[in-house]
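Following: one structure in structure tokens, then a few remarks.
Each value in this text was obtained by applying a stated rule to the coordinates, not by laboratory testing. Model, not experiment: these values are computed from the prediction. Cβ placement follows ideal geometry from the backbone for every residue including glycine, while neighbour counts extend to all protein chains displayed.
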Amino acid sequence: MLSSTILTQSVFESLRNTYLLEYLLEEIRVTFKSDVKISINDINIDAKEGDILLLPRWLTKILSKKNLIEIQDNEMSSYVSKALNRERISKPHDISGIDADFYIRVDDFLKSLNEKERETLMVSLNSFVISRLGKIVKLAAASSLSAEMETKLSAEEKQLYNFINTSSLAFKESVLRK
């Protein structure tokens, strides 16, 4: 049982790392707060105060910590709220759609919040995850992943869906001796 748990965690971690890398490589709009001239390997930035550029997210995190830029990716709060609300109002047998990298984005957003804001969002996220988990278990036990369902799930949820579906089939075959 322990080796199965470790293997499952490893699969989810590998999947998370893949989507995290894609997320960090995604370009976002920034405004420079001051003149910046940087040259690192193949990355050359020569920006004046007020310039607006598209930069990879990983680089914006570094420049933001140095207070050199303002990140124009401030719609995360709305993005998360909309996803939570869509799931909250969805029918008990239907699951709302989220992006494949939803949990990566939420994790990054949580890191940017103060403790009180983070705690408040975590309460909502817990309800969100419990709701989705229940729906995924019911749907996966009943049928394999359809193309329509696949578009509604995050990468981690697709993995979970397939794992539950495979396990459910094996269980049914075992107890029904098919």
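Things worth noting here:
- Per-selection Kirkwood Rh - region 2-71 (Cα, Å, 1 d.p.): 13.9
- Burial order of peptide ranges 90-98, 160-168 (average beta-carbon count within 10 Å, highest first): 160-168, 90-98
- Along the chain, longest interval not containing exposed GluC sites (Glu not before Pro), exposed being DSSP loop plus at most 16 other Cβ atoms within 10 Å: 76-178
- For K33, the residues whose amide H sits under 5 Å from its own are G50, I69, E70, ignoring neighbours fewer than 5 places away on the same chain, with H placed 1.01 Å from N.
- Residues of type lysines that K152 reaches as a straight line, Cα spacing below 21 Å, ignoring anything fewer than 8 places off in the same chain: K82, K91, K135, K138
- Database remark: amide H of K152 closer than 5 angstrom to no amide H (H placed geometrically; neighbours at sequence offset of 5 or more, or on other chains; Pro and chain starts carry no H).
- Residue order, fewest to most beta carbons within 10 Å, for V80, V175, V11: V175, V11, V80
- Taking 21 Å as the straight-line reach from the Cα of K37, the lysines in range (excluding those fewer than 8 positions away in the same chain) are K48, K61, K65, K66.
- Cα principal axis extents for region 74-141, largest first, Å: 38, 19, 19
- Here's how it looks for I28: its modeled amide H is under 5 Å from those of L55, R57, which are all 5 or more places away or on a different chain.
- For region 139-159, backbone nitrogen atoms closer than 18 Å to the point 7 Å from R88 Cα along Cα-to-C-beta are found at no residue.
- For the pair E27 and D51, label points projected 7 Å from Cα toward Cβ lie 1.4 nm apart.
- Take the convex hull of the alpha carbons in region 30-155; its mean projected area over all directions comes to 10.1 nm².
- Karplus-derived 3J(HN,Hα), 6.51/-1.76/1.60, for each residue of region 27-35, Hz, glycine and proline x: 7, 10, 7, 9, 10, 7, 7, 7, 5
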